[in-house]
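The values are calculated or read from the model by the stated rules, or taken from the named source; none is laboratory data. Predicted, not measured: the structure shown is a model, and the values here were computed from it. Methodologically, a virtual Cβ is constructed for each residue, glycine included, from the backbone with ideal geometry; neighbour enumeration extends over all protein chains shown.
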């Protein structure tokens, strides 16, 4: 079962990277590798997905979600026994990072960044 989860996780990761590479860029309206810019819409148009964007954005979202779920399942299987406090610690860490991550990161950059 562990090998199967690993293969699925690698597959989801590779698909996620490919979808990120062909997704359109807001500034240039072209893909990162030049593959996603065949929509032909103008900057002033309504912010609605058109063309390939209609398919790529949901696929990207669900592929990323699948990668996260597969990673969690692989970690649970690798650890042997999952306990409720693991979930509580993960949720607390997520909330902390979402609320204070920018401040912590900027503090780290100031501390270890170039000194003038």
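Odds and ends about this structure:
- Among the residues making up segment 1-13, none is surrounded by fewer than 16 Cβ atoms within 10 Å (Cβ to Cβ) and within 12 Å of the chain's Cα centre (by Cα).
- In segment 98-116, the residues that are at negative phi form Cβ pairs under 9 Å with partners that are surrounded by 10 or more Cβ atoms within 10 Å (Cβ to Cβ) and at pLDDT 85 or above, at six or more places apart or across chains, as follows: 104/96.
- Scanning segment 79-99 for residues that are assigned to a helix (DSSP H, G or I) and either surrounded by fewer than 10 Cβ atoms within 10 Å (Cβ to Cβ) or under 19 Å from the mean Cα position of the chain (by Cα) (or both) gives 84, 85, 90, 91, 93, 94, 95, 96, 97, 98, 99.
- Filter result for residue 84 (touching a helix residue (DSSP H, G or I) at 6+ places or on another chain (Cβ under 9 Å) and either at pLDDT below 75 or within 27 Å of residue 4 (Cβ to Cβ) (or both)): no
- Some residue of segment 38-54 being surrounded by 10 or more Cβ atoms within 10 Å (Cβ to Cβ) and modelled with pLDDT of 80 or more: no
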